[in-house]
Structure formats: structure tokens, C-alpha cells
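I'd like to ask you about the structure that follows.
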Amino acid sequence: MQTDLNETYAAILKNLNIKALNPMQMEVIEKSVNNDNLTVLAPTGSGKTLAFLIALLKQLSPEDPGVQALIVTPSRELALQIETVFRGMKTGFKVSCLYGGHSVQTEMNSLSEMPAVIIGTPGRLADHLHRDSFDLSTVKVIVLDEFDKSLQLGFHNELAKIFKALSGKQQHLLISATNLEELPKFLPFTNHQTVDFLQNTKAIKLKVKLVRTESTEKPETLMRLVAGFNQEVTLVFCNHIDAVERLSGLLKRHDFEHGVFHGDLEQVDREKNLIRFRGGATNVLIATDLAARGLDIPEIKHIVHYQLPHQLDAYLHRNGRTARMHAEGQAYLILASDEKLQPYMDRHMEEMTVHPQLKLPPAPGYVCLYISAGKKEKINKGDILGLLTKKGGLQGNEIGLITTLDHASYVAVKRNVVGKLLAAIKDERVKKLKVKIEVAK
């Protein structure tokens, strides 16, 4: 049996193009073998998603009907990311992803043939339980990913409803990048093992440079600082949505290419902005702490704290977006004269100044194109690649990230070939389907 599992794990790593599991992942898999309840504490970017997906795989059986594994996560983006990783593992088990902002009817159709694995946000899962969309009494393992975040966001009642629908005999995997001080009473267990890799987090060791400015000049200081990074990938954190929008407006007035990410955006806009950021069509993303953890975003070279996070864990999660998995990065704090450092912050930060004049960086190297068809129209990445190379005349090194959603696709192409490409494929079809192809707005 162990040999079979090892062969399965090897096949999964090959499918995901990963050479080997890291120590945290190996310990999670090893300690989960006896179906014990497990809390996994590890920093952002350490590979927790793959760890718990492999761990739950041993519970799944193709002969067993009904839902066998439930993964609960606080955000739509994280739910979609987990689904992408699970599908990439090519296990043969059906998975459904349920989240707010998604068509309920589409989800009901997906549940007509019950999946072995359900991934969902607390609110949407509770809604489906109210609709009797599925029966959770058959669940063998439940994963609570970014569990502390779900509670912080006020999903306590929804989580309690979900646990009431479970048998109480399932294995529990609690996943977090923050130490859990106290478990809520609706969890049907008290004893659990812990895998703790938080002491290895690079966020604690990451040096932060301090940029001082006057409060009236703070937005312009931010813009001059980021312009000096010369299109290196940058994530700017604000505490509030209105601050994100104000900074975005400033950058727009200067034709400074960037994206934004916060909870008030429509789901389609959040997805599109992340896709453009991942693909290099924008290299600067201004965001709230919604982007601080759990999201599949590229290796970040620069983290900028435009506003001070009030809690240490938020500060560490932000910094954890850079210097990940042996990559290098740098964090910065912009502090106005009327602001004070938080108690948890280093009082001996290296101070730096930014250039007094704004010099805009060159445009990003890629442009993101929108295609008005996706998975539901049977369009895949190979179809898009074929269109761009065979009909559009592009070389492989002129094509970047390709992303397919339910009814739309996006592809990053080198900026200097966009005009020629759009002219060449203007009237072309994809799998005999007439589609709109344009620069993503």
C-alpha cells in the first residue's frame, strides 16, 4: 500500500513539475497518515496547499459515493487557487469549487454528479446546505485553510452550520500562517498534533527600509519610490480601500501602469487584475491586506507598506509575500511626519530617501489580451497557443502566461508584437468559434 502511495505522490509531483516535497510537506503527510487531527502552521509561500491536498488524497476512494473531502477557505481567490492545484495533480477525482460571486446554477449543475472533493467559502457552503445541495455526512476529512482568517472575517456562524452537518468522525486539518491561540467550541475535538514551521519564516528576518516624508507629500513619495524600482514586481499595501483608490487615481493621472486589489471590486475585476499582475502586464499592484496571504501571485521583489498595519501578524503576512522560497526581496515603510511606528516594529530601520523628481519607468514588457471564450466553450491553453503561433505568427518566447476561466481566457504577449498580432488574428476563429480578442481593460 505504501509503495502505491509513493508512486502516486511521485506522479503528482511530475504533473505539477515539482522536483521534491519540502520538509514541511513531508512532515504533514507523515503525521496525517493515521487520520489524526492536525494543525499546520507555516509561513506564506511555504507550500501548505500541496501538503494538505496530498494528505487528504489517502482518504479518497473511487468506490465511495458522495462527498469525501471538504476544504473551507475564506476567500474566492484562494478557493480557485486550491482548485487549480488539485486539478493539476490529475488524481482522477472530481472536484467542485463553490464561492460567492459565482453562478449558483453553474454550481448546482456541477453538483448534479456528486464530487469527491468540494472546495468552498463559508458563506456559499452554508447557502448550499440550506438548499440541500449535498450531504456532508459522508465527509472523511475536512480542511480549514487560513482558518484564523475565516473567523476574523466573521464566518463563525457559517462554520458552525457546516460542522453541524458533518458526522463528527472526520479527520480535521487546520491550516494557517498564524498561531491559533484558541480553537472555537464548534470543533468536535480537543486533541490534535501540530506541525509548526513558523519559526522558519523569512518575514521575521526581512529587513525593512524606512522612507520618511511629510503627510501632504506621502502619495507622491510613494509614486517616486515605486517608479525607482523600474518595473520590478511590487506590491503596495494599504489598510483601507479608499487609500487604494486614491493612490490608483494618482498613478492613473500620471499614466503609471498598475493594478488594484480589494474587497469592493467585483469578482471578475479581482480575477482580471490578478491575471494581469501574474502575467507581467502590470508590475505594480496596490492592495489591501486581502492580498497579504493565500493568493497565488508571483515572486514579489518589493513590498511597500503605505499604511502601517496595526497588528504584528498582518505585518508578517505582508512581508511574507517577498523573499519566498529562497527568492530575494526588500520591504519598505513610508512614514509621514505625523505618524509613529507600531510597538512591534524595529526602531533601528535603515533610512533611505527617494529621488526628488518623478521619472516614470518604461511600460511593462507584456500586454494582457482578453478572449471571449473559456473552459465551458471547450477552449484550452493549447488552442490559444496554436492560434497565436500558427495564425498570429508569434514565437514561443513572445507568449507569456495563459489563463482560462469558465467563459473567458487571458494571455500575456510581448508588448512590441501586440499590434501585429491583433491585425493577423482579427477574423480568426478558435475551434470554429467566433470570439472577441482585444486588449484586457
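The values are calculated or read from the model by the stated rules, or taken from the named source; none is laboratory data. What you see is a predicted model; the values in this text were computed from it and never measured. In this analysis, Cβ positions are derived from the backbone assuming ideal geometry, glycine residues included, and neighbour counts consider all displayed protein chains.
In the list I142, I71, which residue meets the criterion of being in contact with a Gly (Cβ under 8 Å, 6 or more places away or on another chain), over 23 Å from H262 (Cβ atoms) and crowded, with 20+ Cβ neighbours inside 10 Å?
Details: I142 fails: in contact with a Gly (Cβ under 8 Å, 6 or more places away or on another chain).
Matching residue, one of I142, I71: I71.
Identify, from the list Q152, Q170, the residue that is under 22 Å from A55 (Cα atoms) and of a type outside the set (F, W, Y). Before you say what the answer is, go through the steps one by one.
On the way: Q152 fails: under 22 Å from A55 (Cα atoms).
Only one candidate passes the filter, namely Q170.
So K169 ticks every box in (1) farther than 20 Å from N35 by Cβ; (2) of a type in the set (K, R); (3) out of contact with any Gly (no Cβ under 6 Å at 6 or more places or on another chain); (4) without any contact (Cβ under 8 Å) to a residue 40 or more places away in the chain but one. Which box is left unticked?
(1)
In addition: When you go through (1) under 30 Å from Q267 (Cα atoms); (2) of a type in the set (D, E); (3) outside any helix (DSSP H, G or I) one by one for E77, which number turns out not to apply?
All conditions pass for E77, except number (3).
Out of T138, T178, which single residue is β-branched (V, I, T) and more than 25 Å from the chain's Cα centre (by Cα)? First the steps, then the outcome.
Numbers: T178 fails: more than 25 Å from the chain's Cα centre (by Cα).
Among T138, T178, only T138 is β-branched (V, I, T) and more than 25 Å from the chain's Cα centre (by Cα).
Quickly run through segment 109-136 and pick out the residues that are of a type outside the set (A, V, I, L, M) and without any contact (Cβ under 8 Å) to a residue 40 or more places away in the chain. Quick ask: steps written out before the conclusion?
Narrowing segment 109-136 to residues of a type outside the set (A, V, I, L, M): 109-110, 112-113, 115, 120-124, 127-128, 130-135.
Correct list: N109, S110, S112, E113, G123, R124, D127, H128, H130, R131, D132, S133.
Out of K434, K378, which single residue is free of Cβ contacts under 8 Å to residues at least 24 places away in the same chain and of a type outside the set (F, W, Y)? If you could, list the steps in order and put the result at the bottom.
On the way: K378 fails: free of Cβ contacts under 8 Å to residues at least 24 places away in the same chain.
Selected residue: K434, the only one of K434, K378 that is free of Cβ contacts under 8 Å to residues at least 24 places away in the same chain and of a type outside the set (F, W, Y).
Has segment 370-381 got any residue that is surrounded by fewer than 16 Cβ atoms within 10 Å (Cβ to Cβ), modelled with pLDDT of 90 or more and of a type in the set (K, R)?
For segment 370-381, residues surrounded by fewer than 16 Cβ atoms within 10 Å (Cβ to Cβ), modelled with pLDDT of 90 or more and of a type in the set (K, R): present.
Further question on the same structure: Please go through segment 268-291 and pick out each residue that is closer than 19 Å to A243 by Cβ and outside any strand (DSSP E or B).
Filtering segment 268-291 for residues closer than 19 Å to A243 by Cβ gives 269-270, 273, 277, 282, 284-291.
Correct list: D269, R270, N273, F277, T282, T288, D289, L290, A291.
Let me ask something else about it. Based on this model, can you work out whether I118 counts as in the same structural domain as V28 (by TED's automatic domain parsing), at negative phi and modelled with pLDDT of 95 or more?
Details: in the same structural domain as V28 (by TED's automatic domain parsing): yes; at negative phi: yes; modelled with pLDDT of 95 or more: yes.
In short, yes.
I'm told A331 meets every condition in (1) touching a residue at least 24 places away in the same chain (Cβ under 8 Å); (2) surrounded by fewer than 20 Cβ atoms within 10 Å (Cβ to Cβ); (3) under 26 Å from N273 (Cβ atoms) except one. Can you identify the failing condition by its number?
In the conditions (1) touching a residue at least 24 places away in the same chain (Cβ under 8 Å); (2) surrounded by fewer than 20 Cβ atoms within 10 Å (Cβ to Cβ); (3) under 26 Å from N273 (Cβ atoms), A331 misses (2) alone.
Mind listing just one residue for me: the one in segment 252-267 that is assigned to a helix (DSSP H, G or I) and free of Cβ contacts under 8 Å to residues at least 40 places away in the same chain and, of those, surrounded by the fewest Cβ atoms within 10 Å (Cβ to Cβ)?
Step one: list which residues in segment 252-267 are assigned to a helix (DSSP H, G or I), which gives 252-253, 267.
Retained after the next criterion (residues that are free of Cβ contacts under 8 Å to residues at least 40 places away in the same chain): 252-253.
Details: K252: 11, R253: 9.
It comes out as R253.
Filter segment 162-179 for residues that are assigned to a loop (DSSP other than H, G, I, E, B) and over 13 Å from Q68 (Cα atoms); which is modelled with the highest pLDDT? Write out each step before concluding.
Narrowing segment 162-179 to residues assigned to a loop (DSSP other than H, G, I, E, B): 165-170, 177-179.
After this cut, where a residue has to be over 13 Å from Q68 (Cα atoms) as well, the list is 165, 168, 177-179.
Details: A165: 92, G168: 85, A177: 78, T178: 77, N179: 76.
Only one residue fits best here, namely A165.
Now for a separate question. Identify, by number, the condition in (1) outside any loop (DSSP other than H, G, I, E, B); (2) among the hydrophobic types (A, V, I, L, M, F, W, C); (3) more than 20 Å from the chain's Cα centre (by Cα); (4) surrounded by fewer than 20 Cβ atoms within 10 Å (Cβ to Cβ) that V28 doesn't meet.
It fails just one condition, (4).
Name the one entry in V236, V226 that is closer than 25 Å to T178 by Cα, in the same structural domain as A331 (by TED's automatic domain parsing), in contact (Cβ under 8 Å) with a residue 12 or more places away in the chain and of a type outside the set (S, T, Y).
Details: V226 fails: closer than 25 Å to T178 by Cα.
Just one listed residue meets the conditions, V236.
Also: Assuming I402 fulfils every condition listed in (1) surrounded by fewer than 19 Cβ atoms within 10 Å (Cβ to Cβ); (2) under 27 Å from G259 (Cα atoms) apart from one, which condition is it?
(1)
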